[in-house]
Amino acid sequence: REGDRIVLATEYGVTTVVIGEAVALLVSAGLVSGRSGASVVAAGPAAAAPGFLAWVHEPAGGEGLAEAIEAREVIERAIVRLAALRRTEADLERLHASLAGMRECRDEPEAFSEFDFALHVALSDAARNHLLAGTLSALHELVREMIGLFTRAAATENRMDALTESHA
């Protein structure tokens, strides 16, 4: 809620560097005001939404894309941690099915990428945090083409096994 103080604590299981990166991202998107190491205050919806939506839809060139990749990595770490705490047996089944699909499609980069995306969606669902899931989804769309290029390069260089197992 607007004006609420957000307490960033070690209970989230991340380092202060990760918290600092997350705070910087949230400040640049207009979602909070403040700085890492000090109080961070939630912005009101009217102030936060336009800045974040504009940033997500039109990152500033290569630098914006690099920021999207960094943000995705930070958010994914939080999602993985929350998913480990909140997952159900049904979530585990979806995760295992996505990973099995990735393993089966090692020679088909496009199909592999779809299973990879499904794995990340399953993790987001298992985290039970709609804001993080929505943010990750938006960031994933920004870098989806780059992920496809990376996957095709891994296939060409016979690195699909390593890429698959890095998700296990």
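The values are calculated or read from the model by the stated rules, or taken from the named source; none is laboratory data. Computed from a prediction, not measured in an experiment: that's the story for all the values here. We place every Cβ from the backbone using ideal geometry, glycine too, and count neighbours over all the protein chains shown. Calculation scope for accessible area: heavy atoms of the full protein, side chains included, ligands and nucleic acids excluded. Shrake-Rupley method; radii C 1.70, N 1.55, O 1.52, S 1.80 Å.
Some notes on this structure:
- The conditions of being open to solvent by 20 Å² or more (accessible area, probe 1.4 Å), modelled with pLDDT of 90 or more and part of a helix (DSSP H, G or I) are not met by L131.
- Answer residue from the range 92-114, given it is open to solvent by 40 Å² or more (accessible area, probe 1.4 Å) and not in a helix (DSSP H, G or I) and is farthest from N158 (Cα to Cα) among those: E108
- Of all residues in the range 142-168 being out of contact with any Lys or Arg (no Cβ under 7 Å at 6 or more places or on another chain) and touching a residue at least 60 places away in the same chain (Cβ under 8 Å), the one that is surrounded by the most Cβ atoms within 10 Å (Cβ to Cβ): L142
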